[in-house]
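Engineer: Starting off with a structure, shown below.
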Amino acid sequence: MDAPPGVSSWRMSIRDVFAVNLRKRRLERGLSQEELAHQANIDRTYVSLLERCEYSVSIDRLDALATVLGVAAYELLKPESDGNPITPDVRDSGSSGEHQ
């Protein structure tokens, strides 16, 4: 399996894992980046930058995002448990018609 863009090996970095999990959980909850940001009291562009691995998340922001998403903070940092890396298609930035 090929690594996601910007990842040097098949094993994803913690930042990549977080980005994929954040987007996946946000979409599962039916939230736009704007809605998630508003509920977590952060800027929408920050959510976008996190999902694109351009910023690292602080522990306080991780907790706020996890709370809004209804998960424990560690779940946003946890790779898939089946031993396979999380597939990059979850964080594709193609136009899906969602608010960004």
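Engineer: Quick one: what pairs do we get from the stretch 21-35, first residue surrounded by 17 or more Cβ atoms within 10 Å (Cβ to Cβ), second among the β-branched types (Val, Ile, Thr) and modelled with pLDDT of 95 or more, C-beta under 7 Å, 6+ apart or different chains?
Structural biologist: Going by the 7 Å Cβ cut-off, the qualifying pairs are Arg25/Val71; Gln33/Val47.
Engineer: Restricting attention to the stretch 74-95, does a residue exist that is touching a Leu at 6+ places or on another chain (Cβ under 7 Å) and either more than 25 Å from Arg11 (Cα to Cα) or modelled with pLDDT of 95 or more (or both)?
Structural biologist: Yes - at least one qualifying residue is present in the stretch 74-95.
Engineer: Continuing with this model, one more query. Of all residues being assigned to a helix (DSSP H, G or I) and out of contact with any Leu (no Cβ under 7 Å at 6 or more places or on another chain) in the stretch 11-20, which is surrounded by the fewest Cβ atoms within 10 Å (Cβ to Cβ)? Just the residue, please.
Structural biologist: Arg15
Engineer: Now for a different question. Could you figure out which of (1) at pLDDT 95 or above; (2) in contact with a helix residue (DSSP H, G or I) (Cβ under 8 Å, 6 or more places away or on another chain); (3) part of a loop (DSSP other than H, G, I, E, B) isn't true of Tyr55?
Structural biologist: Condition not satisfied by Tyr55: (1).
Engineer: On to the next question. Please count how many residues of the stretch 45-62 are of a type in the set (D, E, K, R) and more than 13 Å from the chain's Cα centre (by Cα). It would help to see each step written out before you state the result.
Structural biologist: First, pick out the residues of the stretch 45-62 that are of a type in the set (D, E, K, R): 51-52, 54, 60-61.
In the following step, the residues that additionally are more than 13 Å from the chain's Cα centre (by Cα) were identified as 60.
The qualifying residues number 1.
Engineer: Check Ser48 against each of (1) modelled with pLDDT of 90 or more; (2) assigned to a loop (DSSP other than H, G, I, E, B); (3) surrounded by 13 or more Cβ atoms within 10 Å (Cβ to Cβ) and name the one condition it does not meet.
Structural biologist: Only one criterion in (1) modelled with pLDDT of 90 or more; (2) assigned to a loop (DSSP other than H, G, I, E, B); (3) surrounded by 13 or more Cβ atoms within 10 Å (Cβ to Cβ) is unmet by Ser48, namely (2).
The values are calculated or read from the model by the stated rules, or taken from the named source; none is laboratory data. Please read all numbers here as calculations on a predicted model, not as lab measurements. Note that we place each Cβ from the backbone using ideal geometry, even for glycine, and neighbour counts take in every protein chain shown.
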